[in-house]
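Trainee: Here you go, one structure.
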Amino acid sequence: LVLAPEHPLVDALTLPAQRADVDAYRAATARQDVVSRKVDKEKTGVFTGAYARNPATGELIPVWIADYVLMEYGTGAIMAVPAHDERDLEFATKFALPVVPVVEDERLVN
């Protein structure tokens, strides 16, 4: 799960051990304009220390913040699906997060 750095839940979810990293990342992101955050660039982000329960599987998943998630687009929170979204895959790969296929498309199976 990835939140926009300016999402109102970030303060409530961030654990004390991650507070300094989250605050520094949020400050750095605040210096960027929305256009530069939309540009295809190396993914950055920081773990909040919190976990959410995946409503489909019941498993706990880490809650991150990343500048590629924007408050101006939707709710400012995404349930990342790295097996099926290029941006989410780049993020998951960089931070060694699991990549779990959630949709089977027989057109893609050899």
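Trainee: For the chain, take N as its residue count and report Rg(C-alpha) divided by 2.2 N^0.38 Å.
Mentor: Here the answer is 1.10, to two decimals.
Trainee: Listed highest first by mean packing, meaning other Cβ atoms within 10 Å per residue, what order do 56-69, 73-86 come in?
Mentor: Per-residue mean Cβ counts within 10 Å order the peptides as 56-69, 73-86.
Trainee: List, largest first, the extents of the alpha carbons of segment 36-92 along their principal axes, each in whole Å.
Mentor: Cα spread of segment 36-92 along its principal axes, largest to smallest: 35, 21, 21 Å.
Trainee: Could you tell me which of Ala20, Leu1, His84 has its Cα farthest along the dipole of the chain towards the positive end, charges placed at Cβ (Lys, Arg +1; Asp, Glu -1), taken about the Cα centre?
Mentor: With unit charges placed on the Cβ atoms, the residue in question is Ala20.
Trainee: Next up: Can you pull the one-decimal nm distance between simple spin-label points at Glu86 and Ser36, each 7 Å off the Cα toward Cβ?
Mentor: Rounded to a tenth, the inter-label distance reads 2.3 nm.
Read-outs: derived from the displayed coordinates by stated rules, not from any lab. Being a predicted model, the structure only gives us computed values, none of them experimental. Neighbour counts are summed over all protein chains in view; Cβ atoms, including those assigned to glycine, are modelled from backbone coordinates with ideal geometry.
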